[in-house]
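> Got a structure here, written out as structure tokens. Questions coming.
The values are calculated or read from the model by the stated rules, or taken from the named source; none is laboratory data. Note that the coordinates shown come from a computational prediction; the quantities given were computed from them, not determined experimentally. Glycine gets a Cβ as well: all are built from the backbone with ideal geometry, and neighbour counts include every protein chain shown. Each accessible area value is taken on the protein alone, full model and side chains, heavy atoms only, with ligands, DNA and RNA left out. Shrake-Rupley method; radii C 1.70, N 1.55, O 1.52, S 1.80 Å.
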Amino acid sequence: MGRPRIALEEVSLTYLTPRGATQALAGVSLAVYPGEFVSIVGPSGSGKSTILSLIAGILQPTAGRVLLDGDPVTGPSQRVGYMLQRDYLFEWRTVTENCLIGPEVQGQDMARARGRVARLLQKTGLTAFADAYPGQLSGGMRQRAALVRTLAIDPDILLLDEPFSALDFQTKLMLADEMWSLLRTEHKTVLLVTHDISEAISLSDRVIVLSRRPGRVKSVHEIRFAGPERPIPFKARGAPEYSGYFHRIWAELDPPGEVNRNVG
Amino acid sequence: MSDEALLARYRRAQRRRRWAVAAAQAALLAAFLLLWELAAARYWVNPMLTSRPSAVWQTLVSMAASGSLWVHVGVTLQETLAGFAIGMALGMGIAVALWWWPALAAVLDPYLVVLNALPKIALGPIFYIWLGHQWSVYGMAVAISVVVTIVMLHAGFSEVEANQVLVMRTFGATRGQILRKVVIPASLPTVMAALKVNIGLTLVGVIVGEFLSARAGLGYLIIYGGQVFQMQLVMTSVVILAVISALLYLAVTWAERLVSRLLHLPVRS
Ligand SMILES: Nc1ncnc2c1ncn2[C@@H]1O[C@H](COP(=O)(O)OP(=O)(O)OP(=O)(O)O)[C@@H](O)[C@H]1O
Ligand SMILES: [Mg+2]
């Protein structure tokens, strides 16, 4: 498979605050290869968001190495798009202007970025709200706008932290199919964090299960479906292999040990 | 009843209420002026001490005719606007520097607290000695507004949602980009609030400065009128001052509305 696009080697991370030290990750190793779609599931507080922040270069590991194409991560990279767990849209910018902030900051060709954003807004069903302000959007619409904002810089690596959590079931399935096809055809490397086991199975080539805090890799599940081509997520949910994967991963998941502030 | 009819009735009631409030306000002012005039005319109070609205009006008319009104108003206005602009610009610059270098902010924090608590008026004589009779007014005006500006703006900058800044960092934004595209726009309501506070404070600084040293301006007129015991001059100057401060406040409020609408910010009441 060659060299991994994303690699964590024995990564530990301890958060230090005036009130004390919290070990979030204890020796996590994982690899994601170019063009792969990998999901991380784990109980709340197991360090899923922390892993994404490390890869995005906004946190430095306490121990171990985080590598992109074999090079250690030293800071944010233009190749990486990171969608945070909450949208944090800028209330003073329209949806379109919010989505253009990345290209703007990175000095990209704005005409091209505008075209891309318009297309993405259409795919996510936000065209009618392109010139609306975030205050006028529902929670699900805000989340879709945040997804478009992340995709707007056209990164080849995508880190998505529960990108569909605020959506109703129907929209979630539709948007997951749309995004999955888009990211596949553009050969993006995707690392997705989710609480939703079905979502993880239906979208991913591999599902990584984290243990309770401090997070370690508890098990890794290769997801394979019979047939010449990978079924789209909606079809995958109905495939015969699906329920086997579901039960195996379900059994692996630790029950949440503590009520965590970050839930939701 | 249909929704439209209900809405129309609701709007009519709201409009009536607004008119009633405005009418009551006008009536209160009229009653005050009438009582003042009457009290002086009937010698319920000593008009030498209180002056009276008709005397104030005559003074105003004669000062306008002689042109001295415009000179004094002009001097005070110019000092206020210049002091306001300098105070805001300086305060803004320092607040940005404190945001840029958090270590600097941590070190300077206690000094800012003390400076903020210090009655700046106590510095008047120092400015007089250092800056002379003309420039000390500006010194006073800036001193009184700049510290509040720094403290307010820096607090505003620090309150900007850390995760909005994080979003910028994930895109690899520089500190300057974060400042321009997130911190300043997110703190515009605070900037506007600082403008509002400052226009009043600057006027206080200018009048006190004029009390201490000036040769012209409304503060000078008030002190002069007091010294020669011409209460109508004192009262007239105070009335003009009240009108000026109201107009300046209105101008800032209006600017705030405009900016908020243009930038789609919530108007902070
Ligand atoms: N900035 C921080 N300072 C201190 N502790 C933190 C910080 N961020 C996270 N933690 C702690 O680290 C642990 C892992 O947090 P993380 O956000 O990575 O979990 P998560 O798996 O994403 O959880 P969730 O599913 O609820 O989003 C948690 O126990 C959390 O309390
Ligand atoms: Mg999380």
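> Can you list the residues in segment B:161-209 whose accessible area drops by at least 50 Å² when all protein chains are present, compared with the chain alone? Use a 1.4 Å probe, heavy atoms only.
B:Gln164, B:Val167, B:Arg169, B:Thr170, B:Phe171, B:Lys181
> If you put +1 on each Lys and Arg Cβ and -1 on each Asp and Glu Cβ, how big is the dipole of chain B around its Cα centre, in Debye rounded to 20? Don't skip to the answer; put the middle values down first.
Numbers: 19 positive and 9 negative charges, 172 e Å.
My answer is approximately 820 debye.
> Same structure again: Go ahead and set up a Gaussian network model of chain B, Cα springs under 10 Å, then flag whichever of B:Ser245, B:Ser54, B:Ser213 fluctuates most.
B:Ser54
> Moving to a separate point now. Per residue, how much accessible area does chain B have with a 1.4 Å probe, in Å²?
57 Å²
> Which of the trypsin sites (Lys or Arg not before Pro) across segment B:1-55 are loop residues per DSSP, with 16 or fewer other Cβ within 10 Å?
Hits after loop and neighbour filter: B:Arg42.
> Now, a different point. Regarding segment A:154-198, what whole-number volume in Å³ per residue does the convex hull of its Cα atoms give?
Considering the Cα atoms of segment A:154-198, their hull volume per residue is 78 Å³.
> Further question on the same structure: Report the Cα-based extents of segment B:1-50 along its three principal axes, largest first, to the nearest Å.
Extents along the principal axes: 63, 13, 8 Å.
> Given R₀ = 35 Å, what would the calculated FRET efficiency be for B:Gln58 paired with B:His133, taking r from the Cβ atoms and rounding to 0.05?
About 0.70, to the nearest 0.05.
> Calculate the FRET efficiency for B:Tyr43 and B:Leu258 from the Cβ-Cβ distance with a Förster distance of 51 Å, rounded to the nearest 0.05.
With R0 = 51 Å, the Cβ-Cβ based efficiency is 0.55.
> Related question: Please check: in the Gaussian network model of chain A (C-alpha springs, under 10 Å), which one of A:Ile51, A:Ile223, A:Ile208 has the largest mean-square fluctuation.
A:Ile223
> Calculate, in whole percent, how much of the Cα-Cα pair population of chain A lies beyond 25 Å.
45 percent
> Still on this structure: So if I average 1/r over every pair of distinct C-alpha atoms in chain B and take the inverse, what Kirkwood radius in Å does that give?
21.9 Å
> Among bridges DSSP assigns within the protein assembly as shown, what percent are antiparallel (round to 5)?
About 55 percent, rounded to the nearest 5.
> As a test of the formula, what do you get for chain A when each DSSP H run with n ≥ 4 contributes -39,500 (n - 2.57) and the sum is divided by the residue count, at 222 nm and rounded to the nearest 500 deg cm²/dmol?
Values: 9 runs with 85 residues, N = 264.
The helix-only estimate for chain A comes to -9500 deg cm²/dmol at 222 nm.
> Of the accessible area of segment B:53-263, with the probe set at 1.4 angstrom, what percent is carbon plus sulfur?
Carbon and sulfur: 73 percent of the exposed surface of segment B:53-263.
> Something else about it: Taking only Cα atoms, what is the 0 to 90° angle, nearest 10, from helix B:3-41's long axis to the longest principal axis of chain B?
Roughly 40 degrees, rounded to the nearest 10.
> Find the eigenvalues of the gyration tensor of the Cα atoms of segment B:14-79, then list the square roots of 5 times those eigenvalues as equivalent ellipsoid semi-axes, largest first, in whole angstrom.
Taking √(5λ) for each Cα gyration eigenvalue gives 28, 23, 9 Å.
> Also, I was wondering about something else. Calculate I(q)/I(0) for segment A:202-261 by the Debye formula, one identical point scatterer on each C-alpha and no solvent, and give its log10 at q = 0.14, 0.16, 0.23, 0.30 Å⁻¹ to two decimals.
Here log10 of I(q) over I(0) equals -0.47, -0.59, -0.94, -1.28.
> Give me the summed buried accessible area for the A-B pair, 1.4 Å probe, to the nearest 100 Å².
That pair hides around 1800 Å² of surface in total.
> When the accessible area of segment A:80-154 is computed with all protein chains present and a 1.4 Å probe, what percentage of it is carbon and sulfur?
Accessible surface attributable to carbon and sulfur in segment A:80-154 totals 47 percent.
> Under DSSP H, which helices of chain A have Cα atoms covering 15 Å or more of the helix axis and a Kyte-Doolittle average no less than 1.6?
none
> So what is the calculated 222 nm ellipticity per residue for chain B, using -39500 (n - 2.57) for each DSSP H run with n of 4 or more, over all residues, to the nearest 500 deg cm²/dmol?
-29000 deg cm²/dmol
> Loop only by DSSP, 13 or fewer other Cβ within 10 Å of the Cβ. Give me the GluC sites (Glu not before Pro) in segment B:1-102 that pass, ordered by residue number.
none
> Counting each pair of different Cα atoms once, what's the Kirkwood radius of segment A:98-165 in Å, rounded to one decimal?
Details: mean 1/r = 0.0818 Å⁻¹.
Over segment A:98-165, the inverse of the mean reciprocal pair distance is 12.2 Å.
> If I ignore ligands, DNA and RNA and count only protein heavy atoms, how much of B:Tyr10 is accessible to a 1.4 Å probe, in Å² to the nearest 10?
Spelled out: B:Tyr10, probe radius 1.4 Å, area about 130 Å².
> Principal axes first, then extents: for the Cα atoms of the protein assembly as shown, list largest minus smallest coordinate on each axis, whole Å, largest first.
Answer, in whole Å and largest first: 105, 67, 47 Å.
> Taking every residue in B:56-67, how many Cβ atoms of other protein chains lie within 10 Å of its Cβ, on average?
0
> With equal scatterers on the alpha carbons only and no solvent term, can you work out the Debye log10 of I(q)/I(0) for segment B:55-103 at 0.17, 0.32 1/Å?
Reported log10 I(q)/I(0), two decimals: -0.63, -1.02.
> Need one value: the accessible area of A:Arg5 in square angstrom, 1.4 angstrom probe, rounded to the nearest 10.
50 Å²
> Using a Gaussian network model of chain A with C-alpha springs under 10 Å, which one of A:Thr150, A:Thr171, A:Thr22 is most mobile by mean-square fluctuation?
In the Gaussian network model the winner is A:Thr22.
> Take the alpha-carbon positions of segment A:1-150, form their convex hull, and give its projected area averaged over all directions (one quarter of the hull surface) in nm².
Result: 11.0 nm².
> I would also like to ask the following. So who's got an amide H within less than 5 Å of the one on A:Gly64, skipping anything under 5 residues away but keeping other chains? H placed 1.01 Å off N, in plane.
A:Ser12
> Excluding same-chain pairs closer than 8 in sequence, count the lysine pairs in the protein assembly as shown whose Cα atoms lie under 26 Å apart.
Number of lysine pairs found: 12.
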